[in-house]
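The values are calculated or read from the model by the stated rules, or taken from the named source; none is laboratory data. Nothing here was measured: the structure is a model prediction, and the numbers come from that model. When we count neighbours, we look across all protein chains shown, and the Cβ atoms used for this are built from the backbone with ideal geometry, even at glycine.
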Amino acid sequence: MTEPRDATATTAARNAELGASLPLDDPRDFELATRGHVAPLPGPVPGPDGSTAWDPDAGAAFLGGEAPPEVNPSLWRHARLSATHGLFEVTEGIWQVRGADVSNITFVAGETGWIVVDALTTAETARAALALVNEHAGERPVRAVLYTHTHIDHFGGLRGIVSEEELPGVRIIAPEGFLEAAVSENVIAGPAMARRAEYMFGSLLPRSPRGHVDAGIGMTTPRGTPGLLAPTELIEATGTVLEIDGRTVEFQLTPETEAPAEMNFLFADFRALCVAENCSGTLHNLYTPRGAQIRDGLGWSKYISEAIELFGGRFDVTFACHHWPRWGEGDCRHHLETQRDLYRYIHDQSIRLANAGLTMEEAAEELALPESLRDEFACREYYGTVSHNVKAVFQRYLGWFDGNPAHLNPHPPVEAARRYVDYMGGADAVLERAQRSFADGDYRWVAEVVNHVVFADPSNTAARELQADALEQLGYQAESGPWRAFYLTGAMELREGVTPGRTLADAPNVDVLQALTAEMVLHVVGVRIDGPRADGRVIELDVVFTDVDESFALTVSHGALSHPRRTRPDVPATVRAPRLAFLAVIGGVVSAADAIAAGAVEVDGDAAVLDELLDLLEAPPARFAIVTP
């Protein structure tokens, strides 16, 4: 394994200059992050296979003292705040466990048990959090769970706090559209998003000053067992008021903000407002680098404004799914107002520059936050960045094309790289110039130009090493946790290659697969068809999902799948199976012949038609290359 390099003099100087420009010794965030601390997490959380699912003290091993030159000092400060872990009393009757996962879990005392806000990522971390609050705040059964939104770090751990026997008595409440959004995000483009998430959250990097430091919204993602339990109740309108275990909760829907389905809510009895992931201790993403649909910055701002008007004067504390609460009506309102203005400024100014004729890249380079927002630590780029958010606004309104006809049909990366390198005099000439640029500290340019050499010839070791060195220095300078993780993971992959990973068949999330609608199951089939190989072939096959009594007439033609809701009397074959059994065959977990022999799948007619369909399906790789072709 190649050891990471030291920070260069240029990187050390840039980090020192940024550190000197910020009040890094301002104690207010540290006071907020430690307020109400009751007890720390007792130690590492064991995983399902004897490994460690989560170590709350992993950051404490290296986060003491001043930031080393290999870490942006602002990110270092933020990481120290995130590393504060344990049980915290938010206000009388409300506790949070922070630092047990990348996200927070909140426990509200009802008349007879706990009302839980979000359930973390894995059963192991959620179970540890419940044990901690029961130990120090009094043991209570879980009566209700509120999912704030559709990302797995807020619903994946529910099986750790609610057993199968307890489940019938637990209300699971979520915003309208929750299940479809939660499932589709993890399945249709799931393999690509999961691979990119490894880069974004630094899960392949060691925890160290030269590796992963902080993810921006928390320390890192846990290992363990995620799941999904479907909601029993949906919030369909803002202003809905529910009595939940004797507590009055008023809801505000905030769709298409940080998640497709999301909601804020007020615990009126405690004068406490949960702002979900709409307001946190960082600038968030309008576009997340792991991949997701573009978020609506304008709507995000307007929903925060609506929350201020809807709940104003009725809360003394705000708490969120990440980071630490705010206390006092004045400080809470100030935080909401700055977050409101943060997303509105980026949206409006991006469109202003677009209407003035700037391209996406030009606007992202030019637009900077006003000083009044830039000086707020909660508006800084620990997770999202202004650059990416500007580009997200352009993407939402104008798409990827900038209007320049030279960019209508550019060459793909490898072909373009070969031409660039040839025009620049060959690989040796490019590397000679790039070495000079590296010595001058122009790492951003080195990473861009040497990338052409790597894509033109991935076996060029000198190019890979130089690009890795440039990416590494950019990572050391990054204030954004995800940007740092992307840069450093890219450097590691250039030096060491792509390491093997686990496929969906190796580690399926059965809860998520079970939650797939019948039509979503067929969407999975569609995106796995090898279109070029399928062209010229016509396959007709009816599928009856016996567990939900839904039938579909599948046809593959012109390399594409269609599946209207009906059956055909003269179809060559009809497959009858529960959704999970059909998915097991589609995913290659079990062969069609074995599934038929076991009685899990039945085929009426010509079973060879099913084999013909299966032959056209392509399983996504567990881990594909990103920094090489």
Pairs please, first residue from region 486-502 and on the phi > 0 side of the Ramachandran plot, second anywhere and part of a loop (DSSP other than H, G, I, E, B) and of a type in the set (G, A, S), Cβ atoms under 9 Å, 6+ apart in sequence or on different chains.
G497/A625
Report yes if S301 is free of Cβ contacts under 8 Å to residues at least 24 places away in the same chain and hydroxyl-bearing (S, T, Y), otherwise no.
no
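Looking only at residues that are farther than 18 Å from A197 by Cβ and in a loop (DSSP other than H, G, I, E, B) in region 283-308, which one is farthest from the chain's Cα centre (by Cα)?
Here is the first cut: in region 283-308, the ones farther than 18 Å from A197 by Cβ are 283, 296-308.
Keeping just the survivors that are in a loop (DSSP other than H, G, I, E, B) gives 283, 296.
Values: L283: 15, D296: 16 Å.
It comes out as D296.
Is it true that some residue in region 329-336 is of a type in the set (D, E) and within 24 Å of the chain's Cα centre (by Cα)? Give the steps one after another, and end with the answer.
At the first step, the residues of region 329-336 found to be of a type in the set (D, E) are 329, 331.
Imposing the further condition that a residue be within 24 Å of the chain's Cα centre (by Cα) reduces the set to none.
No, the conditions are met nowhere in region 329-336.
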Subset tally (residues that are touching a residue at least 40 places away in the same chain (Cβ under 8 Å) and under 13 Å from the mean Cα position of the chain (by Cα)) for region 198-221:
11
Every residue in region 465-482 that is of a type in the set (D, E, K, R) and either touching a Ser or Thr at 6+ places or on another chain (Cβ under 8 Å) or not in a helix (DSSP H, G or I) (or both), please.
E479
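Rundown of residues vs (1) among the hydroxyl-bearing types (S, T, Y); (2) out of contact with any His (no Cβ under 9 Å at 6 or more places or on another chain); (3) closer than 18 Å to C321 by Cα; (4) assigned by TED's automatic domain parsing to the domain that holds H322, yes/no style:
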site	(1), (2), (3), (4)
I188	no, no, no, yes
M219	no, no, yes, yes
V241	no, yes, no, yes
V249	no, yes, yes, yes
Could you please let me know if R533 is of a type outside the set (F, W, Y), assigned to a helix (DSSP H, G or I) and touching a residue at least 40 places away in the same chain (Cβ under 8 Å)?
yes
Against the conditions (1) among the acidic types (D, E); (2) surrounded by fewer than 16 Cβ atoms within 10 Å (Cβ to Cβ); (3) closer than 26 Å to A230 by Cβ, where does E496 fall short? Just the number, please.
(3)
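With respect to D49, is the statement that it is in contact with a Gly (Cβ under 9 Å, 6 or more places away or on another chain) and of a type outside the set (S, T, Y) true? Please lay out each step first, then the result.
Values: in contact with a Gly (Cβ under 9 Å, 6 or more places away or on another chain): no; of a type outside the set (S, T, Y): yes.
For D49, the condition - in contact with a Gly (Cβ under 9 Å, 6 or more places away or on another chain) and of a type outside the set (S, T, Y) - is not met.
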Hey, any hits in region 368-383 for a residue that's surrounded by 13 or more Cβ atoms within 10 Å (Cβ to Cβ), over 30 Å from N460 (Cβ atoms), touching a residue at least 12 places away in the same chain (Cβ under 8 Å) and of a type in the set (S, T, Y)?
yes
Qualifying residue in region 534-546 (condition: at pLDDT 95 or above, within 20 Å of E602 (Cα to Cα) and charged (D, E, K, R)):
yes
Could you say whether any residue in region 272-289 is surrounded by fewer than 21 Cβ atoms within 10 Å (Cβ to Cβ), out of contact with any strand residue (DSSP E or B) (no Cβ under 6 Å at 6 or more places or on another chain) and farther than 23 Å from D348 by Cα?
no
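So which of A33, A67, A13 ends up being of a type in the set (G, A, S), within 23 Å of D469 (Cβ to Cβ) and touching a Leu at 6+ places or on another chain (Cβ under 9 Å)? Break it down into steps so the answer makes sense when it comes.
Values: A33 fails: within 23 Å of D469 (Cβ to Cβ); A13 fails: touching a Leu at 6+ places or on another chain (Cβ under 9 Å).
Exactly one residue qualifies, and that residue is A67.
Please give the strands (runs of 3 or more DSSP E) falling wholly within region 59-139 in which 3 or more residues are under 22 Å from the mean Cα position of the chain (by Cα). Steps first, please.
Numbers: elements: 86-91, 94-98, 105-109, 114-117.
It comes to 94-98.
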Specify the residue that is nearest to S459 (Cα to Cα); the eligible residues are those in region 384-422 that are hydrophobic (A, V, I, L, M, F, W, C) and in contact with a Gly (Cβ under 8 Å, 6 or more places away or on another chain).
A392
Restricting to region 559-571, count the residues that are without any contact (Cβ under 8 Å) to a residue 24 or more places away in the chain and surrounded by 13 or more Cβ atoms within 10 Å (Cβ to Cβ).
1
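Please note which helices (runs of 4 or more DSSP H) are completely contained in region 359-405 and include at least 1 residues that are over 26 Å from D331 (Cβ atoms). Quick ask: steps written out before the conclusion?
Working: elements: 360-366, 371-374, 386-398.
Correct list: 360-366, 386-398.
Looking at A491, A470, A485, which one is within 19 Å of the chain's Cα centre (by Cα) and under 16 Å from P4 (Cα atoms)?
After ruling out the rest, the residue left standing is A485.
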One residue is enough: does region 577-590 have a residue meeting the conditions more than 13 Å from V525 (Cα to Cα) and more than 31 Å from the chain's Cα centre (by Cα)?
yes
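Being closer than 16 Å to L310 by Cβ and crowded, with 17+ Cβ neighbours inside 10 Å narrows it down to one residue among V249, V241; which is it?
Details: V241 fails: crowded, with 17+ Cβ neighbours inside 10 Å.
Being closer than 16 Å to L310 by Cβ and crowded, with 17+ Cβ neighbours inside 10 Å holds for just one of V249, V241, which is V249.
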